[in-house]
1. Taking the options Lys244, Lys211, Lys265, Lys167, name whichever one is in contact with a strand residue (DSSP E or B) (Cβ under 7 Å, 6 or more places away or on another chain) and modelled with pLDDT of 95 or more.
2. Would you confirm, using the coordinates I've provided, whether Ser212 is in contact (Cβ under 8 Å) with a residue 40 or more places away in the chain, open to solvent by less than 20 Å² (accessible area, probe 1.4 Å), assigned to a helix (DSSP H, G or I) and among the polar types (S, T, N, Q)?
3. Scan region 84-125 for residues that are among the acidic types (Asp, Glu) and farther than 14 Å from Glu138 by Cα and jot them down.
4. How many residues does region 17-46 hold that are hydrophobic (A, V, I, L, M, F, W, C) and under 25 Å from Ser109 (Cα atoms)?
5. Filter the strands (runs of 3 or more DSSP E) completely within region 78-197 down to those with at least 2 residues that are among the aliphatic types (A, V, I, L, M), closer than 24 Å to Arg228 by Cα and touching a helix residue (DSSP H, G or I) at 6+ places or on another chain (Cβ under 8 Å).
6. Residue under question is Gly44, and the condition is that it be out of contact with any Cys (no Cβ under 6 Å at 6 or more places or on another chain) and buried (at least 21 other Cβ atoms within 10 Å of the Cβ); does it hold?
7. For the structure I just gave you, tell me whether Glu81 is among the acidic types (Asp, Glu), more than 27 Å from Gln240 (Cβ to Cβ), open to solvent by 30 Å² or more (accessible area, probe 1.4 Å) and over 18 Å from the mean Cα position of the chain (by Cα).
8. Name the residue that is nearest to Thr15 (Cα to Cα), counting only residues in region 239-263 that are open to solvent by 70 Å² or more (accessible area, probe 1.4 Å) and part of a loop (DSSP other than H, G, I, E, B).
Amino acid sequence: MAYQIIVLDLDGTLTNSKKEITLKTKEALMRIQKEGKTVVLASGRPTPGVLPLAEELELEKYGGYILSFNGAKIINCRTKEVVYNKTVPEEYVKHLYDYAVKMNIGILSYTESGIVLGNGKDKYNELEARINHLPMQEVHNFVEYIDFPENKFLMTGEPKQIFDAQKELREQFGARLNIFRSEPFFLEIMPPEIDKAYSLGKLLAFLGEDKSHMICCGDGFNDLSMIRFAGLGVAMENAQKEVKEAADFITYSNDEDGVCHVVNKFMLGIEE
């Protein structure tokens, strides 16, 4: 199979434990781009949190794409065109905020320059800020402050709290929102239907490509949909057990250049 597109989750996949792209992995991705293949960065991160890695891989020069907010927004790095954009219905913001306060878990949103906290700081939303290299801002009235279209909200808390919140909010909202964990301590609140697979389908239609030509690599719960969707679904060795079970292939860990191994084996025909 001639794979033309590789879709990469960031944390735990493209980047190592230091949140860096290793030289070996970077060189492999630069090589396939020079050969005309497409790199897509697909992350739960907000767009500003993805841009530094897109710049490091020169996606603007080679025509790559950013799929941020778990697919709620897709950007063409070369033209800066927004290929796809979907937001959380504003009438749900108050309900989500009230639920977070009631259950004593964190809730946050994003601006172009930072993270907005609605129910105080915790170690998990502080982690989200560090991952994205974005400042945090606590606001007095979260619901009034969010007077702009928002691609996603994130709830944070202890894994048991987040597991229970996922179950309860899914029961309350049904198909009106897409609600899932990206990590045991992160609950993604997304527009209806939105996940990485759904949005990659939109991108493929835009490109006139078929999913059989696409490789998707990931490690977390929010990567499950795209790993099942792809022509070749790849789990990292460090992936969640459920992700490994869904994958067609398990590569090395993110600290062992697992992405480079996939590129060499399936896109460059290099046996290691």
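1. Only one candidate passes the filter, namely Lys244.
2. So Ser212 fails the test.
3. Glu90, Glu91, Asp98, Glu112
4. 3
5. Once the strands (runs of 3 or more DSSP E) in region 78-197 are filtered for at least 2 residues that are among the aliphatic types (A, V, I, L, M), closer than 24 Å to Arg228 by Cα and touching a helix residue (DSSP H, G or I) at 6+ places or on another chain (Cβ under 8 Å), what remains is 186-190.
6. yes
7. Here the answer is yes, as Glu81 does meet what is asked.
8. Filtering first and then ranking leaves Asp255.
The values are calculated or read from the model by the stated rules, or taken from the named source; none is laboratory data. What you are looking at is a predicted structure, and each value in this text was computed from that prediction instead of being measured. All Cβ positions, even for glycine, are placed from backbone atoms using ideal geometry, and neighbour counts span all protein chains on display. When the accessible area is computed, the model is the full protein with side chains, heavy atoms only, and any ligands, DNA or RNA have been set aside. Shrake-Rupley method; radii C 1.70, N 1.55, O 1.52, S 1.80 Å.
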